[in-house]
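**Student:** Mind looking over this structure? Questions follow.
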Amino acid sequence: MNDQLKAILEVLIFLSQEPLTVDKMREVLGEIPEDELQAVLQALMAEFSREEHGIQIVRSAGGYLFTTKPEHDQWIKRLLQIEKKARLSVAGLETLSIIAYHQPVTQAEVSAIRSVDSTYSIKSLLQKKLIKIVGRKKAPGNPLVYRTSEKFLEYFGLNSLDDLPREEEIAKILEEEKQTIS
């Protein structure tokens with residue numbers, strides 16, 4: 001294995017302010033064979049997954065990034081005096097899930113699905129950068145069109161929208177939960 005390439009990838013992932021994609025790595029590194037790059041990435045991930053490391057490399061939002069391991073959370077919180085991540089309200093979570101599953105979507109479409117005005121929830125999600133405006137719909141009034149953002153993927157630990165649970169999976173989970181409650 002190319003130890004030099006391994007060290008370079010480690011520092012690139014460490015310095016990147018967002019998940020570092022393979023395309024960006026290749027742009028920086030030049031002509032590195034895809035199989036060699038993947039092998040080095042896998043070796044780095046395996047190395048940092050070992051118990052003696054407090055950080056790990058994970059795939060998120062289509063790229064790679066360093067994260068702390070969950071078992072060290074209490075110490076990190078003490079050091080940084082971090083409070084729990086601000087939770088989304090029920091209305092915000094409902095609005096966000098509608099946008100995630102129906103995107104691209106307008107505010108009127110979200111409000112119609114929720115059966116309530118979603119103006120405040122959409123504004124809040126925009127401020128948190130979990131959704132973004134991607135244009136206007138060619139319809140009366142030219143309403144804004146919304147999609148989830150890369151921060152949405154990072155917030156929920158998803159690599160891509162394909163990682164969202166499918167309708168059948170959700171129905172199965174709800175059915176199992178209903179049976180355990182009964």
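The values are calculated or read from the model by the stated rules, or taken from the named source; none is laboratory data. Predicted model, so just to flag it, every value in this text is computed and none were measured. Using ideal geometry, Cβ is built from the backbone for each residue, glycine included, and neighbour counts are taken over all protein chains shown.
**Student:** Report whether or not Leu9 is crowded, with 16+ Cβ neighbours inside 10 Å and at pLDDT 85 or above.
**Tutor:** In short, yes.
**Student:** Can I ask one more? Output the number of the condition that Leu161 fails; it satisfies all remaining conditions of (1) touching a residue at least 40 places away in the same chain (Cβ under 8 Å); (2) surrounded by 14 or more Cβ atoms within 10 Å (Cβ to Cβ).
**Tutor:** (2)
Conditions (1) assigned by TED's automatic domain parsing to the domain that holds Arg26; (2) modelled with pLDDT under 95, marked per residue:
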{"residue": "Val58", "(1), (2)": "yes, yes"}
{"residue": "Gly63", "(1), (2)": "yes, yes"}
{"residue": "Trp75", "(1), (2)": "yes, yes"}
{"residue": "Lys85", "(1), (2)": "no, yes"}
{"residue": "Val105", "(1), (2)": "no, no"}
{"residue": "Ser124", "(1), (2)": "no, yes"}
{"residue": "Ile131", "(1), (2)": "no, no"}
{"residue": "Arg136", "(1), (2)": "no, yes"}
{"residue": "Pro140", "(1), (2)": "no, yes"}
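**Student:** May I pose another question? Is one or more of the residues making up the range 44-56 surrounded by fewer than 13 Cβ atoms within 10 Å (Cβ to Cβ) and either under 17 Å from the mean Cα position of the chain (by Cα) or closer than 21 Å to Arg147 by Cα (or both)?
**Tutor:** Within the range 44-56, not a single residue is surrounded by fewer than 13 Cβ atoms within 10 Å (Cβ to Cβ) and either under 17 Å from the mean Cα position of the chain (by Cα) or closer than 21 Å to Arg147 by Cα (or both).
**Student:** Would it be correct to say that Ser111 is more than 10 Å from the chain's Cα centre (by Cα), more than 30 Å from Phe66 (Cβ to Cβ), surrounded by 15 or more Cβ atoms within 10 Å (Cβ to Cβ) and modelled with pLDDT of 90 or more?
**Tutor:** On the way: more than 10 Å from the chain's Cα centre (by Cα): yes; more than 30 Å from Phe66 (Cβ to Cβ): yes; surrounded by 15 or more Cβ atoms within 10 Å (Cβ to Cβ): yes; modelled with pLDDT of 90 or more: yes.
Yes; evaluated as a whole, the condition is true for this residue.
**Student:** Among the residues of the range 15-34, count how many are under 12 Å from Gly63 (Cα atoms) and in a helix (DSSP H, G or I).
**Tutor:** 4
To keep it simple, each residue is scored yes or no on (1) part of a loop (DSSP other than H, G, I, E, B); (2) farther than 25 Å from Gly63 by Cα; (3) in contact with a Gly (Cβ under 7 Å, 6 or more places away or on another chain); (4) not small (Gly, Ala, Ser).
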{"site": "Asp117", "(1), (2), (3), (4)": "yes, yes, no, yes"}
{"site": "Tyr120", "(1), (2), (3), (4)": "no, yes, no, yes"}
{"site": "Val134", "(1), (2), (3), (4)": "no, no, no, yes"}
{"site": "Tyr146", "(1), (2), (3), (4)": "no, no, no, yes"}
{"site": "Asp162", "(1), (2), (3), (4)": "no, no, no, yes"}
{"site": "Leu174", "(1), (2), (3), (4)": "no, yes, no, yes"}
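**Student:** Taking Tyr120 as meeting all but one of (1) within 17 Å of the chain's Cα centre (by Cα); (2) among the aromatic types (Phe, Trp, Tyr); (3) not assigned by TED's automatic domain parsing to the domain that holds Glu27, write down the number of the exception.
**Tutor:** Status for Tyr120: all satisfied but (1).
**Student:** Can you pull out the residues in the range 57-82 that are within 18 Å of Tyr155 (Cβ to Cβ), exposed (fewer than 15 other Cβ atoms within 10 Å of the Cβ) and not charged (D, E, K, R)?
**Tutor:** Matches in the range 57-82: Thr67, Thr68, Pro70, Ile76, Ile82.
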